[in-house]
Amino acid sequence: MIEYEKHLYMIVFPINALVASQLSPVEFAAHYTIGSAKHFRGKVIFVEIDGKFRDPYFEIDNYLSETVAHPDGSPKKTKFISSYAVLEHVDLKMLKHLYLVTANGKVLEIASKPYTAINEPGYVRIYQEITPLSNLVASTLDQRTFGKYITSKTKSKGAPKICFTQYEFNVAEFMEKNKNREMMYSPIPENNPTRLYEYLTELKTNPNKKTKTISLNTTLFEASYALIRHGFWFASGDNLLFYPMPARVELENKYYDWWKFVH
């Protein structure tokens with residue numbers, strides 16, 4: 001019988017689940033997007049978890065013991081360990097590489113790096129919360145402060161841990177193009193441009209307002225990976241783990257086999 005390496009994967013989009021698998025990350029991505037009718041068809045985002053990770057919330061050893069090859073020698077593709085409150089119980093130090101998967105199973109692997117950017121204060125940013133929340137949020141808080149605010153400063157709008165990204169969005173250009181227009185346009189799909197315009201105006205004119213929820217529904221189903229600015233963050237209080245998107249020129253050259261399918 002072939003011995004396969006066992007992996008722990010945390011899916012962060014379109015669901016949040018902890019899964020054991022005998023597939024490599026690339027094989028897992030293909031299986032989850034195009035290889036099984038039971039699974040999701042569309043973009044998928046997941047991260048590999050260090051195999052040494054354990055938490056009392058999960059019965060990891062029990063499910064790993066059941067993650068064995070089939071009688072015909074083929075690997076066990078997925079064994080779900082948990083599909084509820086997963087990120088909240090995962091130590092961010094145990095997160096390895098992040099994988100962005102296109103609808104046709106192409107994979108971009110991203111390693112985490114220290115987030116060293118110095119951010120302009122008061123600049124309005126558009127954040128898409130990925131899990132466990134799914135809100136589209138406009139905020140004058142930078143990424144560090146936003147992550148800390150959501151995970152430790154607010155209970156009404158927050159969660160103990162969060163994964164989020166920032167969209168490429170020029171607020172000044174959006175406001176100018178839509179000024180006095182009856183039919184407004186937003187480059188971000190699945191949101192109301194008129195409401196977005198009103199909320200951005202409020203943030204720009206009210207210094208006491210730090211965040212404004214644009215939508216309770218995620219836009220990631222329709223949004224292209226090309227909209228991602230900077231990368232992805234996992235936050236828990238003062239702890240921030242950052243996965244940077246490669247630069248556009250690098251995507252177009254080094255990762256073109258993935259990039260050509262993101263639009």
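Some points to look at:
- Flag if K113 is closer than 30 Å to V171 by Cβ and in contact (Cβ under 8 Å) with a residue 24 or more places away in the chain: yes
- Each residue in the range 94-115 was checked for being among the charged types (D, E, K, R) and within 19 Å of L227 (Cβ to Cβ), and 1 pass.
- When K52 is tested against (1) assigned to a loop (DSSP other than H, G, I, E, B); (2) crowded, with 17+ Cβ neighbours inside 10 Å, just one condition goes unmet, and that condition is (2).
- Options S74, S139, S134, S65: the member that is touching a residue at least 60 places away in the same chain (Cβ under 8 Å) and either in contact with a helix residue (DSSP H, G or I) (Cβ under 7 Å, 6 or more places away or on another chain) or assigned by TED's automatic domain parsing to the domain that holds T33 (or both): S139
- Failed criterion for T219 (all others in (1) on the phi > 0 side of the Ramachandran plot; (2) at pLDDT 95 or above hold): (1)
- Subset of the range 152-182 [basic (K, R) and surrounded by fewer than 16 Cβ atoms within 10 Å (Cβ to Cβ)]: K153, K155, K157, K177, K179, R181
- Selection count where residues are in contact with a helix residue (DSSP H, G or I) (Cβ under 9 Å, 6 or more places away or on another chain) and either not in a strand (DSSP E or B) or not hydrophobic (A, V, I, L, M, F, W, C) (or both), scope the range 8-21: 3
- Filtering the range 2-9 for residues that are closer than 29 Å to K254 by Cβ and touching a Gly at 6+ places or on another chain (Cβ under 8 Å) leaves a non-empty set.
- Of all residues in the range 116-143, those being loosely packed, with under 13 Cβ neighbours inside 10 Å and under 16 Å from the mean Cα position of the chain (by Cα) number 0.
- Screening P25 on (1) surrounded by 15 or more Cβ atoms within 10 Å (Cβ to Cβ); (2) touching a Leu at 6+ places or on another chain (Cβ under 9 Å) shows it passes everything except condition (2).
- Scanning the range 195-203 for any residue that is closer than 26 Å to A17 by Cα, hydrophobic (A, V, I, L, M, F, W, C) and not assigned by TED's automatic domain parsing to the domain that holds I11 turns up nothing.
The values are calculated or read from the model by the stated rules, or taken from the named source; none is laboratory data. This one's a predicted model, so the numbers in the text were calculated from it and none came from an experiment. Heads up, the Cβs are rebuilt from the backbone with ideal geometry, glycines too, and the neighbour counts pull from every protein chain shown.
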